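J.: My questions all concern the structure below.
The values are calculated or read from the model by the stated rules, or taken from the named source; none is laboratory data. Nothing here was measured: the structure is a model prediction, and the numbers come from that model. Here Cβ is always computed from backbone atoms with ideal geometry, including for glycine, and neighbour counts include all displayed protein chains.
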Amino acid sequence: MKDVAVTIPPMTPRATFIRIARLANEMGYHSIWTYEEFVADPMVRLAECLADTRLITGTGCLNPFLRTPLAIAMTYMTLEEMYPGRNILGLGVGVANWLDRAGVNTRKTHSGVREAVQIIRGLFRGETVTLSGRFFHVHDLKVALPPASHIPIYLAPRENLVFAEICGEIGDGCFGPIGVPNRFHKKLFDHIRIGLKRSGRSANEYVFANNFCALADLTDASAKESMMRSPWFAHAMGIASNREAWAECGLDPNQLEVYQRAEARQDWEETTRLLRNTNAHKDFALTGTRESLAQQIKAKVEMLGLDLPVISICAHNDRQILETLEGGRLYAEQTCN
């Protein structure tokens, strides 16, 4: 069975979050992921999943500006002590307009991530860390827990191609973004491979993972309509996307700010109206029946050279949750035969 993973948005109610994790566990999924937002703490959610399932868990992603590198290292070393071999740390630069609201200077975030990885890796190895960088200044840091140098660090590239190369150069893997179309994904991954080559490593020493909005239903039409109404898809198309991505797919980039304002006020009727007569559900997401979803995942894996496709649940109800997870399982079963 090929590896496939699932992302559960952190705004998902706790009971639903755990139910999805249990279903993914029963279906043989590789891992479960969530990310940082102004809602439930992702590490608390993942800790509960670690206790309740056999799944690997990952963050897709944290950023080292709202949580310090020390805090991140302590959390992961604690989880690794409790659940060894089941933790992946995902780090990224974060979304600029989201970090701005939290008072983070986003002009130096690329160098900040590089410095954070250096600090965290040193702490994972059990070292005493001192670093005077552009973003972080630490001295005599050490975590009094067993070393956990084997915890992989995946870096999350966004639209910046320079940072994509950094992801390949210093990461153990990448966690590609939602909210961008196929052509932009390929461009990002090409630049990750440039960084990987610069590090002297081969693709066999790196994990290429990518996150995709996904929703399966009984018909293609109902899946499309539900995707267009999904708050998580609206988040991907607004906050996580950009003007270039919209233009590449034939969408009017001048409407992006209109869409973002509608998403910010949670006006799902307006976000749906703005995209209803477009192919955004195909260009930016995986949408259709479970059989169609399996084929779309397979096409993405082959086009991008992915090791780990990650489907981000955009479902509105239990039926759609099950259909979407079944689509992922069907992909995994078909590609191993």
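J.: May I ask you to list the residues in the range 167-198 that are surrounded by fewer than 24 Cβ atoms within 10 Å (Cβ to Cβ) and closer than 16 Å to PRO152 by Cα?
T.: GLU169, ILE170, ASP172, GLY173, LEU196
J.: When the range 124-139 is examined, which residues are found to be in a loop (DSSP other than H, G, I, E, B), of a type outside the set (Lys, Arg) and modelled with pLDDT of 95 or more?
T.: Applying the first criterion (in a loop (DSSP other than H, G, I, E, B)) to the range 124-139 yields 125-128, 133-136.
Next cut, of a type outside the set (Lys, Arg) only: 126-128, 133, 135-136.
Selection gives GLY126, GLU127, THR128.
J.: Now, a different point. Can you say whether LYS224 is more than 15 Å from PRO177 (Cα to Cα), surrounded by 18 or more Cβ atoms within 10 Å (Cβ to Cβ) and touching a Lys or Arg at 6+ places or on another chain (Cβ under 9 Å), as far as the supplied structure shows?
T.: Values: more than 15 Å from PRO177 (Cα to Cα): yes; surrounded by 18 or more Cβ atoms within 10 Å (Cβ to Cβ): yes; touching a Lys or Arg at 6+ places or on another chain (Cβ under 9 Å): yes.
For LYS224, the condition - more than 15 Å from PRO177 (Cα to Cα), surrounded by 18 or more Cβ atoms within 10 Å (Cβ to Cβ) and touching a Lys or Arg at 6+ places or on another chain (Cβ under 9 Å) - is met.
J.: Kindly indicate whether PHE65 is closer than 21 Å to ALA236 by Cβ, buried (at least 21 other Cβ atoms within 10 Å of the Cβ) and in contact with a helix residue (DSSP H, G or I) (Cβ under 9 Å, 6 or more places away or on another chain).
T.: Working: closer than 21 Å to ALA236 by Cβ: no; buried (at least 21 other Cβ atoms within 10 Å of the Cβ): yes; in contact with a helix residue (DSSP H, G or I) (Cβ under 9 Å, 6 or more places away or on another chain): yes.
No.
J.: Restricting to the range 180-197, count the residues that are touching a strand residue (DSSP E or B) at 6+ places or on another chain (Cβ under 8 Å) and closer than 20 Å to THR287 by Cβ.
T.: The number of residues fulfilling the criteria is 1.
J.: Further question: For the range 102-123, give me the residue count where each residue is farther than 14 Å from PHE135 by Cβ, touching a residue at least 24 places away in the same chain (Cβ under 8 Å) and assigned to a helix (DSSP H, G or I).
T.: Of the residues in the range 102-123, 2 are farther than 14 Å from PHE135 by Cβ, touching a residue at least 24 places away in the same chain (Cβ under 8 Å) and assigned to a helix (DSSP H, G or I).
J.: Would you please name the residue that is surrounded by the fewest Cβ atoms within 10 Å (Cβ to Cβ), looking only at residues in the range 263-300 that are at pLDDT below 95 and β-branched (Val, Ile, Thr)?
T.: THR278
J.: Answer yes or no: is there a residue in the range 210-233 that is assigned to a helix (DSSP H, G or I), among the aromatic types (Phe, Trp, Tyr) and over 22 Å from the mean Cα position of the chain (by Cα). Before the answer, list the steps.
T.: Kept after step one, since they are assigned to a helix (DSSP H, G or I), are these residues of the range 210-233: 220-228, 231-233.
Keeping just the survivors that are among the aromatic types (Phe, Trp, Tyr) gives 232-233.
If we keep only those that are over 22 Å from the mean Cα position of the chain (by Cα) too, we end up with none.
There is no residue in the range 210-233 that is assigned to a helix (DSSP H, G or I), among the aromatic types (Phe, Trp, Tyr) and over 22 Å from the mean Cα position of the chain (by Cα).
J.: Condition (residue is closer than 27 Å to PRO9 by Cα and at pLDDT 95 or above) applied to the range 141-152: is it met by at least one residue?
T.: Within the range 141-152 (the criterion being closer than 27 Å to PRO9 by Cα and at pLDDT 95 or above), the answer is yes, since at least one residue qualifies.
J.: Now, a different point. Here is a list of conditions, (1) within 17 Å of ILE311 (Cα to Cα); (2) in contact with a helix residue (DSSP H, G or I) (Cβ under 9 Å, 6 or more places away or on another chain); (3) touching a residue at least 40 places away in the same chain (Cβ under 8 Å); (4) surrounded by 20 or more Cβ atoms within 10 Å (Cβ to Cβ), and LYS2 meets all of them except one; can you say which number that is?
T.: (4)
J.: Further question: Quick one: which strands (runs of 3 or more DSSP E) sit completely within the range 12-93 and have at least 2 residues that are free of Cβ contacts under 8 Å to residues at least 40 places away in the same chain?
T.: Values: elements: 31-34, 56-59, 87-92.
Correct list: 31-34, 56-59.
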